[in-house]
């Protein structure tokens, strides 16, 4: 069996049958990662941790104890998720030597389930970007065409899965950072409903939007990981308890699909549009009913996002002061005595890259006296209209079961091609609305354009995450 | 439109030092982003309720008690400080 054929279940069975040991498996992955290091998908390999975890599982198997589902499964974590005792940089110079003093809740849950952590994946600095070109440690290359971006901000996680450098990975998604790179790399990326997965130990970007989710090559792997990491956590007060809730959603072939016309306007590449239409036709062949719907506030979603996200960013990133941890200006000007203000100014000027500084300043501006009403308050109201758009589609207006859209308007673009910040922001135009509404959304690979993969996005009603995964599995079975 | 002087003011509020060239660059880039997001001003939302989050959860309280009683935690955290003195973070001087 080759790395490209591995899934969680296949590895699980092979470990039980002793076709290979967990240690052999982990070494196979490290060899492959090192042989293809030009992809730049990993910022650090946690080799000692992985081998130690693998050894424990091998000993257990030798004792003839049956391993659990995730035991011995090699996965990768985006480098904004803390793993105790290891560096977590968030792709930023300001955290280049930061050693995590504790495990994120998702890390703890994965470790307890026996998953093996291979390493930390590259990302846009503080998860701000759509191409991983904003990483302080160089861009990730798309494994399917190395002249192109892997997408972002979870580009390292997407590339690692696509290059078979890990069975699966965790990413984080604020406005599309799991779904867009998954689409660009031809894999699956799932952003759960806001509140389903704890963000404790995730380096905060925009707290009303940030969500952690799995990236993998098949829906079954996505489900296994999601069911492991989800759940209420006392350390993240925004998480909800769904353990008692019964899922009454049954996927039938008579599902009602909404296709919002606003997602097929002038911005979409015509070949991408054709592929998405073909994918929608597959649902029709199954017997699903497709209806055109309208989400009239879609056109404002990106503007809302680029007010609310920077506002929250400017507050969240105020903590990087060069005093408690991280890069400090005193490292670069040892002889010069400084006062506190100069210390802050230098530390943050040298520690943050351009996009991070741009968003901090934009956020500061939209929250500042005289502008707050026109920008921030207006955006919070417009966000309500976007939430209502979806609610109407799922309930009163057309009563669709789920919504299908393209994940991105184009396939992966060339590295260095989008220099203008606003042009880069437009990469997320189809993923941002579900983020603002906190809805579960998954990107599934669907066809190619000029040999480059593209993704179709399935959006479901709030907290109907299992239903979205069922529909994704249905699509997987017919594509 | 956002002028070089406004950028200077925001950068100071955000505690980020900028060179002259950077002020120029950010003033152009931020202006084009603001032009785009200004489309929200077309919307009449005077009667719309504003939202800051999506789950509808209200304040969630817990007892103000330390759960982590590991004596090593403080040292692990202090070890990350760029400058320290004993059990304290070392801060540049604030007063003359």
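The values are calculated or read from the model by the stated rules, or taken from the named source; none is laboratory data. Because the structure is a prediction, the values reported are computed rather than measured. Quick reminder, even Gly has a Cβ in these numbers, built from the backbone with ideal geometry, and neighbours come from all protein chains shown.
State all residues of the range B:34-58 that are part of a loop (DSSP other than H, G, I, E, B) and at the interface with chain A (Cβ under 8 Å from one of its Cβ atoms); if no residue qualifies, say none. Selection gives B:43, B:45, B:48, B:49, B:50, B:51, B:52, B:53, B:54, B:55, B:57. Quickly run through the range A:428-458 and pick out the residues that are closer than 21 Å to residue A:132 by Cβ, within 12 Å of chain B (Cβ to nearest Cβ) and assigned to a helix (DSSP H, G or I). Across the range A:428-458, the qualifying residue is only A:435. The residues of the range A:44-68 that are surrounded by 17 or more Cβ atoms within 10 Å (Cβ to Cβ) and part of a loop (DSSP other than H, G, I, E, B), listed by number, are A:46, A:67.
Among the conditions (1) without any contact (Cβ under 8 Å) to a residue 60 or more places away in the chain; (2) buried (at least 24 other Cβ atoms within 10 Å of the Cβ), the only one that residue A:440 does not satisfy is (1). Counted as qualifying within the range A:332-427 are the helices (runs of 4 or more DSSP H) with 1 or more residues that are within 19 Å of residue A:139 (Cα to Cα), namely A:340-351, A:354-367, A:421-425.
Would you confirm whether any residue within the range B:5-18 is farther than 30 Å from residue A:296 by Cα, at pLDDT below 95 and touching a helix residue (DSSP H, G or I) at 6+ places or on another chain (Cβ under 7 Å)? There is no residue in the range B:5-18 that is farther than 30 Å from residue A:296 by Cα, at pLDDT below 95 and touching a helix residue (DSSP H, G or I) at 6+ places or on another chain (Cβ under 7 Å). Of the residues A:75, A:116, which single one is more than 30 Å from residue A:411 (Cα to Cα), surrounded by 24 or more Cβ atoms within 10 Å (Cβ to Cβ), at pLDDT 95 or above and in contact with a strand residue (DSSP E or B) (Cβ under 6 Å, 6 or more places away or on another chain)? Answer to the selection: A:116. Taken together, the criteria place residue A:200 among residues that are surrounded by fewer than 24 Cβ atoms within 10 Å (Cβ to Cβ), in contact with a strand residue (DSSP E or B) (Cβ under 6 Å, 6 or more places away or on another chain) and in contact (Cβ under 8 Å) with a residue 60 or more places away in the chain. Quick one: would you say residue A:393 is touching a residue at least 12 places away in the same chain (Cβ under 8 Å), touching a strand residue (DSSP E or B) at 6+ places or on another chain (Cβ under 8 Å) and buried (at least 20 other Cβ atoms within 10 Å of the Cβ)? Criteria met by residue A:393. Among residues of the range B:13-33 being at the interface with another protein chain (Cβ under 8 Å from one of its Cβ atoms) and assigned to a helix (DSSP H, G or I), the one that is nearest to residue A:319 (Cα to Cα) is B:13.
Taking the conditions exactly as written (surrounded by fewer than 18 Cβ atoms within 10 Å (Cβ to Cβ), within 11 Å of another protein chain (Cβ to nearest Cβ) and modelled with pLDDT of 95 or more), does residue A:269 satisfy them or not? Against the criterion (surrounded by fewer than 18 Cβ atoms within 10 Å (Cβ to Cβ), within 11 Å of another protein chain (Cβ to nearest Cβ) and modelled with pLDDT of 95 or more), residue A:269 does not qualify. Which one is farthest from the other protein chains (Cβ to nearest Cβ), of the residues in the range A:272-302 that are closer than 23 Å to residue B:36 by Cα and out of contact with any strand residue (DSSP E or B) (no Cβ under 6 Å at 6 or more places or on another chain)? Selected residue: A:294. Remark: residue A:365 matches the filter, which requires a residue to be at the interface with chain B (Cβ under 9 Å from one of its Cβ atoms), within 14 Å of residue B:37 (Cβ to Cβ) and modelled with pLDDT of 95 or more. Here residue A:103 clears all of (1) in contact with a strand residue (DSSP E or B) (Cβ under 6 Å, 6 or more places away or on another chain); (2) surrounded by fewer than 22 Cβ atoms within 10 Å (Cβ to Cβ) except the condition numbered (1). Total residues in the range A:303-343 satisfying the condition of being within 7 Å of another protein chain (Cβ to nearest Cβ), modelled with pLDDT under 95 and over 19 Å from residue B:79 (Cα atoms): the figure is 4.
Within the range A:368-387, one or more residues are facing chain B (nearest Cβ under 9 Å), more than 19 Å from residue B:26 (Cα to Cα) and modelled with pLDDT under 95. Within the range B:59-92, the set of residues being in contact with a helix residue (DSSP H, G or I) (Cβ under 7 Å, 6 or more places away or on another chain) and either under 30 Å from residue A:303 (Cα atoms) or facing chain A (nearest Cβ under 9 Å) (or both) comprises B:82, B:83, B:91, B:92.
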